[in-house]
Amino acid sequence: MSERPPAKRIVIVDDDVLISEYLQDLCEFYGAEVVGTAHDAQDAEAVILDREPDYVLMDLRLGGARDGVDVAETVQATLPMMKIVFISGSNEPKSMDRIASNNPHRVLIKPISPADLRNALA
């Protein structure tokens, strides 16, 4: 009898609560375990470092002085094996260059389709 692999553990970081809830619903539908959510950079760092997820769905813009790339740089120093999936509302070169500097696992552009999220977590 084969055992099912453990669910991927995910933290969702997005300053928009509705998008965060949408992503959580999709993750759970695909069998992932959402172990935390955060809506700003400071909370994101604390939740990620505390929960040590396999993946972080990280919005680029977090509505404060620090963005998702800043948070990713900080937490990946402690958790280098964690995969960051950046989420952006724009694919403008300046944003994409900023994200690319952090070696993302994937980059998803809003609006995020269920298939795009599934593929990013595969």
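The values are calculated or read from the model by the stated rules, or taken from the named source; none is laboratory data. Note that this is a predicted model, so its numbers are computed, not measured. Quick reminder, even Gly has a Cβ in these numbers, built from the backbone with ideal geometry, and neighbours come from all protein chains shown. Ligands, DNA and RNA are stripped out before the accessible areas are found, and what is left, the full protein with its side chains, is counted by its heavy atoms. Shrake-Rupley method; radii C 1.70, N 1.55, O 1.52, S 1.80 Å.
Exactly one condition in (1) on the phi > 0 side of the Ramachandran plot; (2) modelled with pLDDT of 90 or more is false for residue 114; which is it?
(1) is the only condition that residue 114 fails.
Just for region 1-14: of the residues that are surrounded by 14 or more Cβ atoms within 10 Å (Cβ to Cβ) and outside any strand (DSSP E or B), which one is modelled with the lowest pLDDT?
We begin by selecting, within region 1-14, every residue surrounded by 14 or more Cβ atoms within 10 Å (Cβ to Cβ); these are 7-14.
Now narrow it down to the ones that are outside any strand (DSSP E or B): 7-8, 14.
Numbers: 7: 83, 8: 94, 14: 96.
Taking the candidates together, the pick is 7.
For residue 68, all conditions in the list (1) surrounded by fewer than 16 Cβ atoms within 10 Å (Cβ to Cβ); (2) touching a strand residue (DSSP E or B) at 6+ places or on another chain (Cβ under 6 Å) hold save one; what is the number of the exception?
All conditions pass for residue 68, except number (1).
Can you tell me how many residues in region 47-65 are over 19 Å from residue 108 (Cβ atoms), modelled with pLDDT of 95 or more and open to solvent by 60 Å² or more (accessible area, probe 1.4 Å)? Please lay out each step first, then the result.
From region 47-65, those over 19 Å from residue 108 (Cβ atoms) are 47, 49-52, 64-65; that's our starting set.
Add one more test, that the residue is modelled with pLDDT of 95 or more, and what stays is 47, 49-52.
Remaining after also requiring open to solvent by 60 Å² or more (accessible area, probe 1.4 Å): 49-52.
Going through region 47-65 one residue at a time, the tally reaches 4.
Quick check on residue 104: is it open to solvent by less than 50 Å² (accessible area, probe 1.4 Å) and within 16 Å of residue 9 (Cα to Cα)?
no
Taking residue 80, is it closer than 24 Å to residue 111 by Cβ, at pLDDT below 95 and open to solvent by 60 Å² or more (accessible area, probe 1.4 Å)? If you could, list the steps in order and put the result at the bottom.
On the way: closer than 24 Å to residue 111 by Cβ: no; at pLDDT below 95: yes; open to solvent by 60 Å² or more (accessible area, probe 1.4 Å): yes.
So residue 80 fails the test.
Answer yes or no as to whether residue 88 is of a type in the set (Ser, Thr, Tyr), open to solvent by less than 50 Å² (accessible area, probe 1.4 Å) and in contact with a helix residue (DSSP H, G or I) (Cβ under 8 Å, 6 or more places away or on another chain).
Details: of a type in the set (Ser, Thr, Tyr): yes; open to solvent by less than 50 Å² (accessible area, probe 1.4 Å): yes; in contact with a helix residue (DSSP H, G or I) (Cβ under 8 Å, 6 or more places away or on another chain): yes.
Answer is yes for this residue.
What do you reckon, is residue 32 touching a strand residue (DSSP E or B) at 6+ places or on another chain (Cβ under 9 Å) and without any contact (Cβ under 8 Å) to a residue 40 or more places away in the chain? Quick ask: steps written out before the conclusion?
Working: touching a strand residue (DSSP E or B) at 6+ places or on another chain (Cβ under 9 Å): yes; without any contact (Cβ under 8 Å) to a residue 40 or more places away in the chain: no.
It is false that residue 32 is touching a strand residue (DSSP E or B) at 6+ places or on another chain (Cβ under 9 Å) and without any contact (Cβ under 8 Å) to a residue 40 or more places away in the chain.
How do the pairs read when you match residues in region 80-100 that are more than 15 Å from residue 57 (Cα to Cα) with residues anywhere that are assigned to a helix (DSSP H, G or I) and open to solvent by less than 80 Å² (accessible area, probe 1.4 Å), using Cβ under 7 Å and keeping only pairs 6 or more apart or on different chains?
Sorted first by the residue in region 80-100, then by its partner, the pairs are 98/69.
Could you count how many residues in region 107-122 are exposed (fewer than 11 other Cβ atoms within 10 Å of the Cβ) and aliphatic (A, V, I, L, M)?
Total meeting the criteria: 2.
When you look at residue 15, is it in contact with a Gly (Cβ under 8 Å, 6 or more places away or on another chain) and in contact (Cβ under 8 Å) with a residue 24 or more places away in the chain, yes or no?
Details: in contact with a Gly (Cβ under 8 Å, 6 or more places away or on another chain): yes; in contact (Cβ under 8 Å) with a residue 24 or more places away in the chain: yes.
Yes, satisfied.
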